[in-house]
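The values are calculated or read from the model by the stated rules, or taken from the named source; none is laboratory data. These figures come from a predicted structure and were not determined experimentally. Cβ coordinates were reconstructed from backbone atoms using ideal geometry, including for glycine residues, and neighbour counts include every protein chain displayed. Remember, those area values only see protein heavy atoms, side chains included, never the ligands or the DNA or RNA. Shrake-Rupley method; radii C 1.70, N 1.55, O 1.52, S 1.80 Å.
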Amino acid sequence: MATTIDAEYDRATEVKKFDDAKIGVKGLVDCGITTIPRFFVHPSEILSDLKPGSGTQPGPEDIPAIDLSDHRRSTVVENIRRAASTFGFFQVINHGVPLGVLDRTMASIKGFYEQPTEIKARVYRREIGTGVSYMSNVDLYHSKAASWRDTIQIRVGPRMVDPEEIPEICRKEVIEWDREIKRLGEVLMGLLCEGLGVDTGRLKDMTCLEGRVMVGHYYPYCPQPDLTVGLAYHTDPGVLTVVQQDHVGGLQVKYGGSWVDVKPIPGALVINVGDLLQIISNEEYKSAEHRVLANPSHEARASIAVFFNPSNRDDQYGPLPELISPEKPALYRPFTLTDFMTRFFKKELDGKSLTNYYKL
């Protein structure tokens, strides 16, 4: 009987039907479903790793929280260097981004998702040609299983999308958030450069602040959180990611073979090293695998992130010459950002395969 059912199940048709409906997973929840569609169910080897006691370490102290207002710059540089070279993740507090900006932007992104489906459907699209796209799962058509979340993507750099393309409910807030986060990004990249022993402006000079995409993820209640995930485990491809998460929680980082909770800290921002920074730093800094669990709470979880990338897509990238020596030769071959990002978006989110591809 199982074989017959498998033969009759047409995943491609079911996925396209869901995508064409333009309702996202929130729309499924709003319809009152109690069983998730089959294409959201993840393989047993993924699900076994989600069960309690399967390698998750509790404790908010595990992921460092770094105070950027510490007047001892050398201390801040060292704390960030240590976190970026071990966890690949850290949180920052007293970062200078006004809490009002964070609160307003989070409320506006949640507001976008809580609008009627027909209003959101106007920007539901897989291509980001207009600079704005709302969808469920960027890798929906080629992943092994879909994840329980919806996403809005907004291109904010090197040239901000036409503001009229940004949904009105979050337009002003997105523009304000981007301005503040770009400023923080410059501060963080300067500190990371100093941790490598290179010029403070080295990453900025490589246009690493300019190519920016902002995403707002929405993780509604999942009726079967033991069968799926909110975001499959992966590393980020770019230079640096800045994340604002709400109080619900669910973000985890792989460290020492175990999954570590990134506990929400009010007002803090989560920072993580991307694959490109791992390569540029010649592995002085490490990009870490991370995931988001499916949300078992009836209160939706939301997060906002900006991905920093160079804007010069056809330049050659690889380990910085200053970090190469006879004692530590280059660990990666050079490549263009266009090739790098094309490879990322052609594969599903599956851990470290991108850095491995360019390894010497």
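The convex hull drawn around the Cα atoms of region 224-360, when projected onto a plane and averaged over every direction, covers 9.8 nm². The three principal axes of the C-alpha atoms in region 208-248 carry coordinate ranges of 40, 21, 14 Å, sorted with the longest axis first.
Viscosity 0.692 mPa s, temperature 37 °C: Stokes-Einstein D of region 114-227 from its Kirkwood Cα radius, in µm² per second? So the translational diffusion coefficient is about 201 µm²/s. Computed as a quarter of the hull surface, the mean projected area of the alpha carbon convex hull for the chain stands at 18.5 nm². Model label sites at Tyr357 and Ile119, defined 7 Å from Cα along the beta-carbon direction, differ in position by 3.9 nm. Within the chain, helices built from complete DSSP H runs that reach 30 Å or longer along their own axis (Cα positions) and carry a mean Kyte-Doolittle hydropathy of -1.0 or higher are 171-196. Each of Arg171 and Thr130 was given a label point 7 Å from its Cα along the Cα-to-Cβ line. The distance between the two points is 1.3 nm.
Taking a Cβ cut-off of under 12 Å around Thr200, the surrounding Lys, Arg, Asp and Glu residues balance to a net charge of -1, with basic ones at +1 and acidic ones at -1. Here the extension length gained between Val248 and Phe345 equals 32.1 nm, from 0.36 nm per residue of separation less the Cα-Cα distance. Taking each residue as 0.36 nm, the span from Tyr9 to Thr338 lengthens on full extension beyond its C-alpha to C-alpha distance by 114.8 nm. Accessible surface for region 140-230, divided over its residues, is 39 Å² per residue with a 1.4 Å probe.
Report the full-extension gain for the segment Glu78 to Asp30: residue separation times 0.36 nm, less the Cα-Cα distance, to one decimal in nm.
12.5 nm
Across all Cα atoms of region 22-177, the radius of gyration (one decimal) and Dmax (whole number) stand at 19.7, 54 Å. Rolling a 1.4 angstrom probe over the chain with all protein chains present gives an accessible area of which 54% lies on carbon and sulfur atoms. When its C-alpha radius of gyration is set against 2.2 N^0.38 Å (N residues), region 298-344 gives a value of 1.75.
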